[in-house]
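Notes for the one structure printed next.
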Amino acid sequence: MRMSGDGTAGGAPGRSPGENGPYPLHGGAAEPTTETIGYRGPTACAAAGITYRQLDYWARTGLVEPSVRPAYGSGTQRLYSFRDVVVLKIVKRFLDTGVALQNIRAAVQHLRERGFSDLERMTLMSDGATVYECSSPDEVVTLLQGGQGIFGIAVGVVWRDVESALSQLHGERIDTGETLVGHNPADELARRRNRAV
C-alpha cells in the first residue's frame, strides 16, 4: 500500500487480519488487557521517547490524538491507548529519519484505518518522500528492487518496544480510573495512591 503526502493510497491490497490478537500487555488472562488500560501523557512520552511538548503539539494539531480520553479544558488529562503510544513511537522514528510531516500525517491516517491486529505485522518503508506499507517479504523485495535508498520500520518491533516500556510504567484502568503499577517494585507513591482510592 502506497501512501502519499496528499492522503491518497494505492498499491497492493491489504491482507485479512490474522487469527492471533495483539500481544497481551502484562501476560495473564486475569490481568487488564490493552483495551482496558489508558496511559497519561507523561507515561506515553516516556514509552514513545518523545517530549511532552511534542505530545501536546501532535494532539492539538490532530497528528496523534488520544483515543481513550481527550483533554477538555484546563485540569483534564489526556489518556492514550496502547495503540496510540505505538503510533507516537512510529511518528518519532519517521521524524528522526527526515520524513516530511505531510507524509507522516498520511501514514498516520492510514494506520488509523488499519485493524489493530494487522498493525503488529506491518512494515512501513519510506524513501523520504513517500511511505509504503509492506505486509509480506515479497513486497519489501519489490520495493528494494527499485534501486533507491529506503529505510523501514518493522511495526512489530516498535510494538514490542512500547509493550516492554509500558510494563515498567503506570497505566490507568479505563473503567475504574485505578492506577496500575508497572513492574517497578520501588514505586511506593503509586501503591499509596491505590490504597487511598
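Just give me the residues in segment 72-103 being closer than 15 Å to I37 by Cβ and of a type in the set (S, T, Y), in sequence order. Within segment 72-103, Y80, S81 meet the criteria.
Scanning segment 56-82 for residues that are touching a Leu at 6+ places or on another chain (Cβ under 7 Å) and buried (at least 21 other Cβ atoms within 10 Å of the Cβ), we see that the one that is farthest from S167 (Cα to Cα) is V64. Could you say whether any residue in segment 158-165 is basic (K, R) and free of Cβ contacts under 8 Å to residues at least 60 places away in the same chain? Checked against the condition, which is being basic (K, R) and free of Cβ contacts under 8 Å to residues at least 60 places away in the same chain, segment 158-165 yields no hits at all. Restricting attention to segment 127-185, the residues that are under 20 Å from D96 (Cβ atoms) and acidic (D, E) total 3.
Annotation: of all residues in segment 16-31 being touching a strand residue (DSSP E or B) at 6+ places or on another chain (Cβ under 9 Å) and farther than 12 Å from S81 by Cβ, the one that is modelled with the highest pLDDT is E31.
Within segment 149-171, being within 19 Å of K92 (Cα to Cα) and part of a helix (DSSP H, G or I) holds for V155, G156, V157, V158, W159, R160, D161, V162, E163, S164, A165, L166.
The values are calculated or read from the model by the stated rules, or taken from the named source; none is laboratory data. Treat the numbers as computed from the prediction; the structure is a model and nothing was measured. Ideal geometry is used to build each Cβ from the backbone, glycine not excepted, and the neighbour counts take in all protein chains shown.
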